[in-house]
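Here's the structure, in structure tokens; my notes come after.
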Amino acid sequence: MSFLPEPIIVATAVFIFCCGAAGVAMRKNPIGLLMSVELMINAAILVMVLGSRVHAQPMGQSVALLVLVLGAAEAVVGLALALAVFRRRELVDVDGPQEIRG
Amino acid sequence: MLPLVPVVVCCALAAITAVCVIAMRRPVYVAVALLGHSLSLAALYLALAAQFSAVAQTLIYSGAIVVLFLIVVALLPSGGAEQTSWARIGAGAAVLVAMLAALATAVAASGLAHAEPETFSVEQVGAPLFAELLLPFELTAPLLLAAIVAAIALWRRHEVRRDGDDEGAHT
């Protein structure tokens, strides 16, 4: 039995996405949490680039570029929030702040 | 046909660094693991003959986003190890197993077509951005602008409130 590269890449993307989801559930540090979200975005981009190749269409890579920009915007807003909320706190824990409830 | 060995090596590196991202406890190590993850994905895109995506991944992710993370790690008060509980780790493991099972079932049910390899030039990748994807492409400009304004507004509100606190403490 010979191994084809495409299923290996899809399996890797699935694994990376699941790692990101587990990180979002597990992390208490806002930075680790945002990095886990970045992992999930990376896995989605990987599937898009692979799909662009498998279906022989450049559209997948174009959409991947847009998602990359989306990830950058998400990181900027998330990190600004983390800085604004946690800069003067002793304990950096996403369960801690109660004033942003509701 | 894709070259098998580089693909397998890059996939293994990407998977290992992804595990490092969620398993490491110090934020600086996590940022370095994310950097390695991003670079191994860029190498994988090169193996997939998607040069433009590889360059974009290296420039935007490794160059901009990871550096932004590192700056925020330096600015946050607690750069030390994260205190996590066993309940959290159990929840993360449960999510990992459940999502792996669900996604593996879905992927196994869908077949992968096997096309001849084709390399797309930057011109070919950029063409849909000005045809079918024109509206999303134009919307990224206000999105980025809104993200910048939101980041500055969050920061400024914090600064103003802190100045007010300081005045209150003096009087």
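The values are calculated or read from the model by the stated rules, or taken from the named source; none is laboratory data. For clarity, every value in this text was computed on a predicted model and none was experimentally measured. In this analysis, Cβ positions are derived from the backbone assuming ideal geometry, glycine residues included, and neighbour counts consider all displayed protein chains. Surface areas here come from the heavy atoms of the whole protein model, side chains and all, with no ligands, DNA or RNA. Shrake-Rupley method; radii C 1.70, N 1.55, O 1.52, S 1.80 Å.
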Counting only residues in segment B:113-143 that are surrounded by 15 or more Cβ atoms within 10 Å (Cβ to Cβ) and among the aliphatic types (A, V, I, L, M), the one modelled with the highest pLDDT is identified as B:Leu143
For segment B:143-153, what are the residues that are more than 9 Å from every other protein chain (Cβ to nearest Cβ) and under 21 Å from the mean Cα position of the chain (by Cα)?
B:Leu145
Unmet requirement for A:Gly20, which otherwise passes all of (1) surrounded by 20 or more Cβ atoms within 10 Å (Cβ to Cβ); (2) closer than 18 Å to B:Pro27 by Cα; (3) more than 7 Å from chain B (Cβ to nearest Cβ); (4) in contact (Cβ under 8 Å) with a residue 24 or more places away in the chain
(4)
Among (1) surrounded by fewer than 24 Cβ atoms within 10 Å (Cβ to Cβ); (2) within 7 Å of chain B (Cβ to nearest Cβ) - the single one A:Pro30 does not satisfy:
(2)
Open to solvent by 40 Å² or more (accessible area, probe 1.4 Å) and out of contact with any strand residue (DSSP E or B) (no Cβ under 6 Å at 6 or more places or on another chain): does that describe B:Leu103?
yes
Filter result for A:Val69 (more than 7 Å from chain B (Cβ to nearest Cβ), surrounded by fewer than 22 Cβ atoms within 10 Å (Cβ to Cβ), at pLDDT 90 or above and not in a loop (DSSP other than H, G, I, E, B))
no
Residue pairs, Cβ under 6 Å, 6 or more apart or interchain, first in segment B:118-134 and facing another protein chain (nearest Cβ under 7 Å) and part of a helix (DSSP H, G or I), second open to solvent by 20 Å² or more (accessible area, probe 1.4 Å) and of a type in the set (A, V, I, L, M). List them.
B:Pro128/A:Met59
Restricting attention to segment B:48-79, the residues that are more than 8 Å from chain A (Cβ to nearest Cβ) and of a type in the set (Gly, Ala, Ser) number exactly 5
